[in-house]
Each structure stands twice: as C-alpha cells, then as structure tokens.
1. Looking at segment B:143-159, can you tell me whether even one residue there is part of a helix (DSSP H, G or I), farther than 27 Å from A:PHE25 by Cα, of a type in the set (A, V, I, L, M, F, W, C) and at pLDDT 90 or above?
2. Could you grab me the full set of residues in segment A:114-132 that are closer than 12 Å to A:GLN101 by Cα and of a type outside the set (A, V, I, L, M, F, W, C)?
3. Please go through segment B:143-199 and give me each residue that is of a type in the set (A, V, I, L, M), more than 10 Å from chain A (Cβ to nearest Cβ) and closer than 19 Å to B:SER122 by Cβ, ordered by number.
4. Those residues that are under 22 Å from the mean Cα position of the chain (by Cα), within 16 Å of A:ILE107 (Cβ to Cβ) and among the aromatic types (Phe, Trp, Tyr), I need them from segment A:124-170; list them, please.
5. List pairs: first residue in segment B:6-34 and farther than 17 Å from B:LEU206 by Cα, second residue modelled with pLDDT under 95 and not in a helix (DSSP H, G or I) anywhere in the structure, Cβ distance under 8 angstrom, at least six positions apart or on different chains.
6. Just checking, which of A:GLY88, A:GLY54, A:GLY77, A:GLY43 is of a type outside the set (Asp, Glu) and more than 23 Å from the chain's Cα centre (by Cα)?
7. Does B:GLY169 fit the bill of being more than 23 Å from the chain's Cα centre (by Cα) and under 24 Å from A:ALA220 (Cα atoms)?
Amino acid sequence: MNMAQALVAQTTGIFAPEMTVDFIFVVILFATVFVVLQRARAGLSIPPIRKIPGLEAIDEAIGRSTEMGKPVHYSPGMSSFGPELYAGLATLSYVAKIAAQYDTKLIVTVRRPQVHPVAAEIVKQAYLEAGRPDAYNPDDIRYVSDWQFSYTAAVLGIIQREKPAANLMIGYWMAEALVLAEAGSEAGCIQIGANTNVFQIHFFIVACDYTLIGEELFAASAYLSKDPMLTGTVVAQDIMKILFGILIIIGTVWATIAGNADALIELLSR
Amino acid sequence: MSVEQWSFIFKTLSILAAWSYLVKGDNPVYTAVEHFLVGSATAYGIVYTIQNQIVPRIVQDIIGRGKWGYIFGAILGLLIYFSFVKGQEWIARITMGFWIGYGAGYSLAYSPPVFLTQVTDSFINLRAGDFAKSFNNILYFLVVVSTLMYFAFTLKKDKGVLYYGSRFGRYALMVAFGSAYGSITMAYLSLIIGQLTIIFRDTLHLIK
C-alpha cells in the first residue's frame, strides 16, 4: 500500500482492514523489540554493534577542539520532529556531555523553532550530568531561521566568525549539505556528517572527514552509550532487516519462476 | 526605472554579496546580506504565521465555526514559554513531550507502508527476456541484498557470505553516491546559470 492509499485507509476508522499486513509487520517489530529488551534486562548477551568510524571520531573531534581552544559546532539537521532529529538529539546529548567534561564551548544551531527548547534542555541536562551546570551557556544554543537558506547563510557566517575546530552535522540534510560541509572544510574543522538523504549524502562523503551513511545515524545513540537496552533495539532492527531480506529473496525467486510476483504482492497489500 | 528593474538590481547585488564569501570568506558585505536574509526570513515567518495560522484559527475556526477545542492546542503550545520562567521550566516539558510523542507516532504510523512498498517493488524477474535487462535485474537484486547486509550492525561479518556481501554492498553504495553526485552537481550548475541570467540578462541586458 502506498502513502496515498494509506492516508485514505486511515480515514475509514480506527482499524483499517486495508493495512492488515502493515499492522502485522508493526506487531512483529514490537514483539522483536520486546523480546530482545527482555534478554538485555535479564543480563543475557546482546551482540555488539560493529565499529562505526564516524562515531569513534566524535571524542577525537571534541578533543582536538579542546587542545586548540576552539569551539565545537553541532547541528541536529534540518528536519522537524522525526527519526533523524531524535537520532541527532541523542548524539547531541553525548557530545554535550563530552564537551562539558573537557570544558569546551559547544555551539548548537537549530533550524526549527520548536526544536530549540528541546535542544537547549538536552544540552543543559548533559552539562548537569557532567557536573558542570555552571558552564552551560544558553546563548550557545541558537535558533537561526526556519527558512532553509537563511539558516545556511547564518551557519556559514557562524563557522567563519567563530572558527570551530570541529563541525558535527548529525541529522537530515538537503541542498545545504554541500555548502555547510565546504564551509567547515574551509575553516579547517574536523567534520563528521550524518545524513539519511540519499540525494545529498555524497556531498558529506567528499567534504567531511567521517560520514555516517543512512541507517548508521540511527545506531548512533546505542553505539555511543553502549547501553545494552539501546543496543537491543538495534538488534531488533537487524532482525527485521533479515526478515525483509528473506522476503525480498522469496519475492524475487517467485517472480523469476512465475514471471511475476503479483500474487505475493497482492497478499502483502491486504 | 521600473520597480521590476530595481528588484533585479537588488537581486544582483545580493547574489554578488553572497558570492563574495567565495573570494574572501566572512566579510562585511557577506555579513550584511546574511543578516538581511535571516532578518527578512524571520519577518516573513512571523507575518506568515499570523496571517495563515493564528488569525484563521481564531477568527474562522474558533469564533466563526465554534471549534473551541482548538484553545486546548493553543494552551498546550503556549506552555513552552514557561521555559523562560525560573523555577517553572518543567511545565515547558509538557509541550516538548507532546511534540516528541507526536513525531514518533507520526513516523510509526506512516513508515510501514513505505517500507513494504519498497520491499514489494524489489520483487523482480531475473530472467527478463533479453540479456541486458536480465543483467540489470540481477545486479539490482544483488545490490539490494548486499546493501541490507552492509546495514546489519550486529551480525558478525568477518568471513563468508556476509563479509563479501557487505563489502559488495559498500562498493555499490559508493557507485550510487558517485552517480548521484554527478547528477545533483549538474542541477546546481543550472541554479548558477539561473543566477547568472539575473545578472547578465535581466539586470545588465548583456545577453538576450
């Protein structure tokens, strides 16, 4: 079922029969997360997350800023409340804690006005947890502009004027990706970019020192915290990926043998 | 000179001021146009919100149609300003919690249909008739499966199918990104041509 059909289906009542298969997949996802989290709670072993160099480099980037006596610039991306922003904010919490411990100035720029109080609260909490509530400066958490390119122009200016030694762009990015990454590179920043937008991520790959590609962004909070509970959710996602991979293989074999997979698609569209 | 001509001159000066960043980094001309852009965008945002959200909701919906339930939404939104009241900051967290919950719920409600469509769109016939199409379909299938392997974070991928599969997936991603880089860069060049057209055709009348 596509998005338009789903929207129509949602107007038919609390339970849309047209979305039964989608519902089943959501239930499987919930059940998988529940089982894996129960295992984590019981202290049973949870497979570790593979090494993600971009996340390993965060400490190095903040350390470099500390040594150079320059600030760190962080942005959780262009999106409003959604998966990418949550991942960006979770990483912000980690970055703020490290910055507070190292006594390094952290500049956070946000595009959406509604994200500003949340980002400010996260940074404030991180400084508190690091035992440095006095070092928290609300003026360093900056709402710039809701308009895409005025945000970009302003961040360009901030990077040039305040010369951060590290530029962390963790979230969802659009046409400003190249402009910001190039500005950071020009200013001599060590740069870590993360993006789920396949039409823009390549600009981070060429202009940043490290790039988190797509889904690596969503594994960030679990990877950084090493919390078995959060790692459990990544394990559950992997199980779902295996399930979808098997489904793709079955569908492809079906289509190759029968000429098409219409019957299977019909079954999954119910 | 007409208003339109003045607007072209203003656009040209703004474009040149923005491009001055490429020559001299941050400079007074760039800073001036940057602040003008941020200020005008903020002003536009305020006017847009008043005209398209606040006034229609109050005048048309609440007063006109008697949708008094909207007041609860307004109160919930206004609670965010408690973040400026010392000692009462916790009240603002109610609004933040609502926003975060709404975002999570919205994503969850709309993501499964998109995922399933992507899965079913991947069911392709590997024996499509002619060689070129079959090869294309086989390559597509291999790239989809190997990319899924690459994005499995907790599986051991030190040997066997998963090792080679995830490596192939990574190379496939790089090829795809390279291709996207080329096409998006071409699109950006067309944007630059648009700006040059404003300067040389609309303002200076040097080209037709």
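1. Within segment B:143-159, not a single residue is part of a helix (DSSP H, G or I), farther than 27 Å from A:PHE25 by Cα, of a type in the set (A, V, I, L, M, F, W, C) and at pLDDT 90 or above.
2. Here is the first cut: in segment A:114-132, the ones closer than 12 Å to A:GLN101 by Cα are A:126-132.
Within segment A:114-132, A:TYR127, A:GLU129, A:GLY131, A:ARG132 qualify.
3. Initial filter on segment B:143-199 (of a type in the set (A, V, I, L, M)): B:143-145, B:148-149, B:152, B:155, B:161-162, B:172-176, B:180, B:184, B:186-187, B:189, B:191-193, B:196, B:198-199.
Narrowing the set further to residues that are more than 10 Å from chain A (Cβ to nearest Cβ) leaves B:143, B:161-162, B:172, B:175, B:186, B:189, B:192-193, B:196, B:198-199.
Passing the criteria: B:VAL143, B:VAL161, B:ALA172, B:VAL175.
4. Residues satisfying the conditions are A:TYR127, A:TYR143, A:TYR151.
5. Going by the 8 Å Cβ cut-off, the qualifying pairs are B:SER20/B:ASN27; B:TYR21/B:ASN27.
6. Numbers: A:GLY88 fails: more than 23 Å from the chain's Cα centre (by Cα); A:GLY54 fails: more than 23 Å from the chain's Cα centre (by Cα); A:GLY77 fails: more than 23 Å from the chain's Cα centre (by Cα).
After ruling out the rest, the residue left standing is A:GLY43.
7. Working: more than 23 Å from the chain's Cα centre (by Cα): yes; under 24 Å from A:ALA220 (Cα atoms): yes.
For B:GLY169, the condition - more than 23 Å from the chain's Cα centre (by Cα) and under 24 Å from A:ALA220 (Cα atoms) - is met.
Yes/no matrix, rows are residues, columns are (1) modelled with pLDDT of 90 or more; (2) surrounded by fewer than 17 Cβ atoms within 10 Å (Cβ to Cβ); (3) more than 11 Å from chain B (Cβ to nearest Cβ):
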site	(1), (2), (3)
A:THR11	no, yes, yes
A:PHE15	no, yes, yes
A:PHE25	no, no, no
A:ARG41	no, yes, yes
A:PRO53	yes, yes, yes
A:ILE58	yes, no, yes
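The values are calculated or read from the model by the stated rules, or taken from the named source; none is laboratory data. For clarity, every value in this text was computed on a predicted model and none was experimentally measured. Cβ sites come from the backbone with ideal geometry, for glycine too, and all protein chains shown count toward neighbours.
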